[in-house]
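*Asks:* The structure that follows is given in the form of structure tokens.
All of the numbers you see were taken from the coordinates with simple rules; none came from a lab. The structure displayed is predicted, hence computed values, not measured ones. Virtual Cβ from ideal backbone geometry, glycine too; neighbours counted across all protein chains shown.
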Amino acid sequence: MINSMALNSITITKPDDWHVHLRDGEMLKQVAGYTARQFGRAIIMPNLSTPVTTAKMAIAYRDRILHATQDYPEFEPLMTAYLTDGMDPQELVKGHAAGVFTAAKLYPANATTNSSFGVSNVNKIYPILEAMQNQGIPLLVHGEVTSPEIDIFDREAVFIEQIMQPLLKEMPELNVVFEHITTKDAADFVESQSDNIAATITVHHLQINRNDMLVGGIKPHLYCLPVAKRERHRQALRKAATSGSGKFFLGTDTAPHAVGDKESSCGCAGIFSAPHALENYLQVFEEEQAMDQFEAFASLNGPAFYGLPINLQQITLKKISQKVPKMIGQKALAISPYKADETLSWCFEPEPQSNEE
Ligand code: DOR
Ligand code: ZN
């Protein structure tokens, strides 16, 4: 429901971010507030250097996140389990029943950052997936094949054919989020499926194509996985996000890496979009003349899919221009934020947090 909307301001139910990398240690302390400032809840990715595979690890990580977001006491991290070939289904089922795990994440082994412990063959985790289907535990999928002979720009489309379709045939009731979709193939596929299949879309995949990353010099800060694709795919994603379909929702995939790890002969994948995520998403909806669909994408579709209530608070974005800092953090922790040094046309100003319950 849109509560107030004018050309220069929009007020909506507080959004959630359904795909976030917060890291750990000093980096966690540095970045967590940016997500907690804009969002009510966030699905926390488990790909730490030692992946989050047990409920005990998830509880300890959640405590570290809550500690790092003390300035935003209303923020709620939703934890996920990192699926491995050898994981005991009971660990996940019990952790979910205890309210620790909201979902589980499938990283194909070696698909991306800290995925070397990921799943080597989906067939190996069928007992876990069956348990997830029975218990209604959502499966969050990094949907790219890793075979060296498949071109990196085709990896998502091939994943649909080789992995996703056979999986859904076997497990038609499994709740699946196809994470950070980057292709028209994935958007069309998700749209064609029943209501238990949904997708997150990042803001950068709505705003950049592969030319932005590669033409006029390589831009390591626009390198992420899945890699940005051709313009026609970006256009298809914009259409899907703004279409009003309940199958698509906000997931930034904000993924901080220190500048030195990005600007390197073998740079890491990841875009740190948390600081101005909402401003950039709203810019897309404005350009697509679909501001009236923004609340559904940002705040309603995700909770509906996960079976969670929508947030009670509201937020306002105003049409006030602002400049993105060149850099966030210092020395070894310095990060170049998405759209560094560029001017944005929207501004999010959080309300002071209430201390009452
Ligand atoms: O670009 C990405 N960065 N894609 C992922 O799948 C992982 C993420 C990270 O953790 O850095
Ligand atoms: Zn991710």
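*Asks:* Amide H of PHE101: which non-local residues (sequence gap of 5 or more, or other chain) have their own amide H closer than 5 Å, using H built in the peptide plane?
*Replies:* Answer set, sorted by chain and number: HIS96.
*Asks:* Amide H to amide H under 5 Å from GLN314: which residues, 5+ apart in sequence or cross-chain, H placed 1.01 Å off N in plane?
*Replies:* It is LYS14, by chain and number.
*Asks:* What residue among GLU342, GLU288, GLU173 has the largest mean-square fluctuation in a Gaussian network model of the chain, using Cα springs under 10 Å?
*Replies:* GLU342
*Asks:* Among the aspartates and glutamates, which fall within straight-line cross-link reach of LYS229, defined as a Cα-Cα distance under 17 Å, with same-chain neighbours fewer than 8 residues apart omitted?
*Replies:* Cα-Cα hits under 17 Å: GLU144, ASP151, ASP154, GLU156, GLU179, ASP185, ASP188, ASP212, ASP253.
*Asks:* Let me make sure I get this right: for segment 1-154, a, b and c are the square roots of the gyration tensor eigenvalues over alpha carbons, sorted descending. Under 1.5 in a/c it's rounded, otherwise prolate if a/b > b/c, else oblate. Which is it? Please list the in-between numbers first.
*Replies:* Details: a/c = 1.71, a/b = 1.50, b/c = 1.14.
Prolate shape, in that a/c is at least 1.5 and a/b is the bigger ratio.
*Asks:* Would you please put 26-33, 93-100, 206-213 in order of how densely packed they are, using the mean number of other Cβ atoms within 10 angstrom per residue and starting with the highest? List each step's numbers first, then the result.
*Replies:* Values: 26-33: 19.6, 93-100: 15.8, 206-213: 18.0.
Ranking, from highest mean packing down: 26-33, 206-213, 93-100.
*Asks:* Moving on to the next point. Provide the percentage of antiparallel DSSP beta bridges, counting only those with both residues in the chain; round to the nearest 5.
*Replies:* Roughly 35 percent of the beta bridges in the chain run antiparallel, per DSSP.
*Asks:* Something else: Based on alpha-carbon atoms only, what is the radius of gyration of segment 4-348 relative to the globular estimate 2.2 N^0.38 Å? Intermediate results must be reported in sequence, preceding the final value.
*Replies:* Values: Rg = 18.7 Å, N = 345, 2.2 N^0.38 = 20.3 Å.
Relative to the 2.2 N^0.38 Å estimate, segment 4-348 comes out at 0.92.
*Asks:* Okay, next question. Once amide H atoms are placed 1.01 Å from N in the peptide plane, what residues at a sequence separation of 5 or more from ALA228, or on another chain, have their amide H within under 5 Å of its amide H?
*Replies:* none
*Asks:* Among SER273, SER194, SER264, which one shows the highest mean-square fluctuation when the chain is modelled as a Gaussian network with alpha-carbon springs under 10 Å?
*Replies:* Of SER273, SER194, SER264, the Gaussian network model singles out SER264 as fluctuating most.
*Asks:* Another one. Under a point-charge model restricted to the Cβ atoms of Lys and Arg (+1) and Asp and Glu (-1), what is the dipole moment magnitude of the chain relative to its Cα centre, in debye to the nearest 20? Display every interim value, and only then the final one.
*Replies:* Details: 30 positive and 42 negative charges, 126 e Å.
Charge dipole of the chain: 600 debye, to the nearest 20.
*Asks:* Where in the chain are the helices, taken as whole DSSP H runs, whose Cα atoms extend 30 angstrom or more along the long axis and whose Kyte-Doolittle mean reaches at least 0.0? Don't skip to the end; give the middle numbers.
*Replies:* Working: long enough: none.
Answer set is empty.
*Asks:* Still on this model: Using the Karplus curve 6.51 cos²θ - 1.76 cosθ + 1.60 with θ = phi - 60°, work out ³J(HN,Hα) for each residue of segment 263-275 in order, rounded to whole Hz, and write x for Gly and Pro.
*Replies:* The phi angles translate into 8, 9, 5, 9, x, 6, 8, x, 10, 8, 9, 4, x Hz.
*Asks:* Give the order of ASP17, ASP185, ASP71, ASP261 when sorted by the count of other beta carbons within 10 angstrom, beginning with the fewest.
*Replies:* ASP71, ASP261, ASP185, ASP17
*Asks:* I need the phi-derived Karplus couplings for segment 289-302: 6.51 cos²θ - 1.76 cosθ + 1.60, θ = phi - 60°, integer Hz, Gly and Pro marked x.
*Replies:* 6, 9, 4, 6, 9, 5, 4, 4, 5, 8, 10, 10, 5, x
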